[in-house]
Amino acid sequence: MDNRYNGWTNYATWRVNLEIFDALGDDLKYMGWHKLDKYDLADAIKEYANELIEQDTKEGLALDYARAFLSDVNWHEIAKHLKENYVDEDETEDEDA
């Protein structure tokens, strides 16, 4: 069964990327994530998303469901997407200089 959603591995991956990481925009560079390789970046964004839900959600059923939702995310796909965006932005900035 194909669970792809809007070109992403699945709904969870698409939604987490859209609502957490696309919303950060330029803040991603300030976090230093653009310097990480895609494997370390995948770990960093997974940890970041988990910290967000733990800050915003009380212990109990809602937190359990949020963690289950995040377990479906393809963190490497989001990391690859972010790295591709950084490369494109860095190349554009170099051309403008």
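In table form, for the structure just shown:
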| read-out | value |
| --- | --- |
| Within region 39-97, considering residues that are among the aromatic types (Phe, Trp, Tyr) and touching a helix residue (DSSP H, G or I) at 6+ places or on another chain (Cβ under 9 Å), the one modelled with the lowest pLDDT | TYR86 |
| Selection count, region 1-30, where residues are of a type in the set (A, V, I, L, M) and in contact with a helix residue (DSSP H, G or I) (Cβ under 8 Å, 6 or more places away or on another chain) | 4 |
| ILE45, sole failed condition from (1) exposed (fewer than 12 other Cβ atoms within 10 Å of the Cβ); (2) closer than 19 Å to ASN10 by Cα | (1) |
| Condition check for ASP40: loosely packed, with under 14 Cβ neighbours inside 10 Å, among the charged types (D, E, K, R) and within 17 Å of ASP72 (Cα to Cα) | no |
| Complete set of residues in region 19-37 that are among the hydrophobic types (A, V, I, L, M, F, W, C) and closer than 17 Å to HIS76 by Cβ | ILE20, PHE21, LEU28, TRP33, LEU36 |
| Single residue of region 7-25 satisfying the filter (over 16 Å from GLU84 (Cβ atoms) and not hydrophobic (A, V, I, L, M, F, W, C)) that is modelled with the lowest pLDDT | GLU19 |
| Output for region 48-76, where each listed residue is small (Gly, Ala, Ser) and within 20 Å of TRP8 (Cβ to Cβ) | ALA49, ALA66, ALA68, SER71 |
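The values are calculated or read from the model by the stated rules, or taken from the named source; none is laboratory data. Note that this is a predicted model, so its numbers are computed, not measured. With ideal geometry, Cβ positions are generated from the backbone for all residues, glycine too; neighbour counts draw on all protein chains shown.
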